[in-house]
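Here is the structure we will look at, set down as structure tokens.
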Amino acid sequence: MLAATDALHASIDDVERRFDAVMDQVVAEAGAIALQAAELLAGHVIAAQPARAIDEALTRALDQVSRDTALAIRANPAMREDIERLVEERRARERRSMSIVVVDDDALPLGDAHIGWAEGGLNVDAGARRAAVLAELAGVLAPQTGDRSGQEAGE
């Protein structure tokens, strides 16, 4: 009876270890799927509204500065038309004079920008946003998934 009880406990311990391993794998795969879904959705948003992140950052910048502060938006030249359209739409909505200029910067990737003013500025940085998401998911992403994601970002 004692031997059977010991064997039963050993079997239960083995089942628990296997269950824990399966759960760790499920959580890691769920994290990888969440990351892929986020990248897919972000890709669609960027394709549909390439300057959206810059427009949202401009809203934050305008909330931080006084009404007469001049702003410069540095962005990739391919974004100029979209950004200028958003600035004009904002001017029409707010019915106030805003000194906002768009400056071409070939060094910035598409979708990234720097919004600057005399006392400060802010950056729109897709790489930094991706790094923040990866940092949040680091606890659930499998080590090989995290490594693969880093490789995909460089491709």
Taking the full set of protein chains and a 1.4 angstrom probe, give the accessible area of Ile54 in square angstrom, rounded to the nearest 10. 0 Å²
Share antiparallel - DSSP beta bridges, the range 1-136, percent rounded to 5: 65 percent
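The values are calculated or read from the model by the stated rules, or taken from the named source; none is laboratory data. Given the structure is predicted, the values throughout are model-derived calculations rather than measurements. Only protein heavy atoms, including side chains, enter the accessible area calculation; ligands, DNA and RNA are left aside. Shrake-Rupley method; radii C 1.70, N 1.55, O 1.52, S 1.80 Å.
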